[in-house]
Amino acid sequence: MKRSCEIFGLKVRRSINGQVIYGTAAIETALNGDARVIRIRFRENQIFYEQTCLSQSDLDNYARISCYLYRLDKSTTEPGLEALFHDHHDR
């Protein structure tokens with residue numbers, strides 16, 4: 001399965017197996033301002049979703065964005081998890 005999510009300023013292109021969805025992204029604060037996160041919001045099949053993401057990197061690997069994925073209209077204690085990486089082969 002081919003997945004990608006690219007942040008272009010405040011716009012996001014999310015691609016899973018060739019299906020492309022556009023959304024928005026913003027850097028926001030969480031935990032009463034103690035943490036900075038990337039919030040990605042998009043709509044798929046008339047359902048609104050949000051991802052709360054942390055960005056990490058180390059010296060020998062590409063940067064990684066780890067995200068919790070959840071619906072905006074429902075509360076959950078088990079959000080989905082996505083790890084997004086830069087696709088250096090897709091250029």
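The residues of region 16-43 that are out of contact with any strand residue (DSSP E or B) (no Cβ under 6 Å at 6 or more places or on another chain) and among the small types (Gly, Ala, Ser), listed by number, are Gly18, Gly33, Ala35. Scanning region 25-39 turns up no residue that is at pLDDT 90 or above and farther than 17 Å from Leu10 by Cβ.
The values are calculated or read from the model by the stated rules, or taken from the named source; none is laboratory data. Keep in mind the model is a prediction, meaning the values are calculated, not measured. Cβ atoms come from the backbone with ideal geometry, glycine included; neighbour counts cover every protein chain shown.
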